[in-house]
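Participant: Take this structure, written in structure tokens, and hold onto it; I'll ask about it next.
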Amino acid sequence: MKAAKLVDAVGFDLDNTLYCSTSAITQKIQNYMLAKASAFLGRSLTQVQQEYTRIYSQLQSGRKTLEALGVPQAQQAVQDALEHADIVSLLQRDDRLVALLQKLQISYKLFLITGSQEQTAHNKLNTLGISQTTFDLAMYSGAPYERHDGSAFRHVAQMFNIPLTRILFVGDRERVDILPAKQLGVKTAIVNASSTYADYQLTTLYDLEQILLM
């Protein structure tokens, strides 16, 4: 069944969701993480890079690879890299995405949930061409609501005065974006990744038009 018949609000993650990560972006993030890991572990950057590459080829996860290397709070280290690596310089305006969001605004409440700090998120959105007024509600790093424990989705339902089951959330990580939402009855779509649990598998974010606007 089309999601258009089932939802009143549509939410988005930011990184690798509203834009697709490229090899250049991935390299920027990785370089930042490796420099931090090298300093913490007291090993040369070359040595850490070699170990990271070897372990990552098996685990296919930056967080898990950092954990295997012995870096504490690995998830926070990844988020710090998203914050401080110069990703904005590699982004560009996406007129097709801007048009899609403008169409969605007509029929749905829109919201954003991101682990990025507010100013960092604004810089990325502005570069993509997306106005902050696009979203009726936005939650940034430091907000008292999280995806992993479901509190962010409960907050959305309360603020919009709608059931959790009338919300669709779009993200790129099964563990963080999809599973916590599904446990609450929130409908989910995954993009730039795969998940057997998501209600919708999007080849690109633009596929939302087929699901929500047709």
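Participant: Please work out the Kirkwood hydrodynamic radius for the chain, using every pair of different C-alpha atoms, and report it in angstroms with one decimal place.
Facilitator: 18.0
Participant: Could you work out which residue, out of Thr133, Thr22, Thr165, moves most in a Gaussian network model of the chain, that is, has the largest mean-square fluctuation with Cα springs under 10 Å?
Facilitator: Looking only at Thr133, Thr22, Thr165, the biggest GNM fluctuation is shown by Thr133.
Participant: Can you tell me how much longer the chain between Gln201 and Ser131 gets when fully stretched, taken as 0.36 nm per residue apart minus their C-alpha distance, in nm with one decimal?
Facilitator: Numbers: separation 70, 0.36 × 70 = 25.20 nm, distance 2.62 nm.
Once the chain is fully extended between Gln201 and Ser131, it gains 22.6 nm.
Participant: Treating only the Cβ of Lys, Arg, Asp and Glu as charged (+1, +1, -1, -1), what charge dipole size does the stretch 81-146 show about its Cα centre? Round to the nearest 20 debye.
Facilitator: Using Cβ point charges on Lys, Arg, Asp and Glu, the stretch 81-146 gives about 280 debye.
Participant: Could you tell me what percent of the accessible area of the stretch 101-210 is made up of carbon and sulfur, with a 1.4 Å probe and every protein chain present?
Facilitator: Result for the stretch 101-210: 45 percent of the exposed heavy-atom area is carbon or sulfur.
Participant: Let me ask you something else. Among 99-106, 122-129, how do they line up from the highest to the lowest mean number of other beta-carbon atoms within 10 Å?
Facilitator: On the way: 99-106: 15.0, 122-129: 17.6.
So the order, starting with the most tightly packed, is 122-129, 99-106.
Participant: How would you rank 176-183, 192-199, highest first, on the average number of other Cβ atoms within 10 Å across their residues?
Facilitator: 176-183, 192-199
Participant: Continuing with the same structure: So how tilted is helix 74-84 from the main axis of the chain? Cα-based, degrees 0 to 90, rounded to 10.
Facilitator: The helix 74-84 is inclined about 80 degrees to the chain.
Participant: With every protein chain kept in the model, how would you rank Asp207, Asp149 by accessible area, 1.4 Å probe, largest at the top?
Facilitator: Accessible-area ranking of Asp207, Asp149, largest first: Asp149, Asp207.
Participant: Next question. Quick check for you: with a 1.4 Å probe and neighbouring chains kept, what is the accessible area per residue of the stretch 31-175, in Å²?
Facilitator: Value returned for the stretch 31-175: 52 Å² of accessible area per residue.
Participant: A further question on this structure: For the chain, with only Lys/Arg (+1) and Asp/Glu (-1) charged at the beta-carbon, what is the dipole magnitude about the Cα centre, in debye rounded to 20? Display every interim value, and only then the final one.
Facilitator: Working: 20 positive and 20 negative charges, 55 e Å.
Around 260 debye, computed over the chain.
Participant: Counting each DSSP H run of 4 or more residues in the chain as -39500 (n - 2.57), what helix-only mean residue ellipticity at 222 nm follows after dividing by all residues, to the nearest 500 deg cm²/dmol?
Facilitator: Helix-only estimate at 222 nm: -13500 deg cm²/dmol.
Participant: Further question on the same structure: Can you give me the relative contact order of the chain as a percent, contacts being Cα pairs under 8 Å and 6 or more apart?
Facilitator: Details: 311 pairs, mean separation 54.3, N = 214.
Relative contact order here is 25 percent.
Participant: Using only the alpha-carbon atoms, how far is helix 23-41 inclined from the longest principal axis of the chain? Give it as 0 to 90 degrees, nearest 10.
Facilitator: 50
Participant: Does a label point 7 Å from the Cα of Ser89, set along Cα-to-beta-carbon, have any residues of the stretch 15-42 with amide nitrogen under 15 Å, and which are they?
Facilitator: 24-32
Participant: Which pairs, out of Lys103/Lys187; Lys64/Lys187; Lys28/Lys64; Lys36/Lys124; Lys36/Lys182; Lys5/Lys28, put more than 30 Å between their alpha-carbon atoms?
Facilitator: Numbers: Lys103/Lys187 20 Å; Lys64/Lys187 27 Å; Lys28/Lys64 18 Å; Lys36/Lys124 23 Å; Lys36/Lys182 34 Å; Lys5/Lys28 41 Å.
Correct reply: Lys36/Lys182; Lys5/Lys28.
Participant: Over what distance in Å are the Cα centres of the stretch 176-196 and the stretch 1-52 separated?
Facilitator: Using only Cα atoms, the two centres lie 18 Å from each other.
Participant: If I model a spin label as a point 7 Å beyond the Cα along the Cα-Cβ vector, how far apart are those points for Lys64 and Ser194 in nm?
Facilitator: Here the modelled spin labels are 1.5 nm apart.
Participant: Another question, then. With point charges of +1 on the Cβ of Lys and Arg and -1 on the Cβ of Asp and Glu, referenced to the Cα centre of the chain, which listed residue (Met159, Leu202, Cys20) lies farthest in the positive direction of the dipole?
Facilitator: Of the listed residues, the answer is Leu202.
Participant: Of all alpha-carbon pairs in the stretch 30-108, indicate the percentage at a distance above 14 angstrom.
Facilitator: Beyond 14 Å sits 67 percent of the P(r) for the stretch 30-108.
Participant: Report the charge-dipole magnitude of the stretch 115-214 in Debye, nearest 20, computed about the Cα centre from +1 at each Lys and Arg Cβ and -1 at each Asp and Glu Cβ.
Facilitator: 160
The values are calculated or read from the model by the stated rules, or taken from the named source; none is laboratory data. Treat the numbers as computed from the prediction; the structure is a model and nothing was measured. Because the Cβ atoms are built from the backbone with ideal geometry, glycine has one as well, and the counts that use them run over all protein chains shown. Heads up: the accessible areas ignore ligands, DNA and RNA and are worked out on the full protein's heavy atoms, side chains in. Shrake-Rupley method; radii C 1.70, N 1.55, O 1.52, S 1.80 Å.
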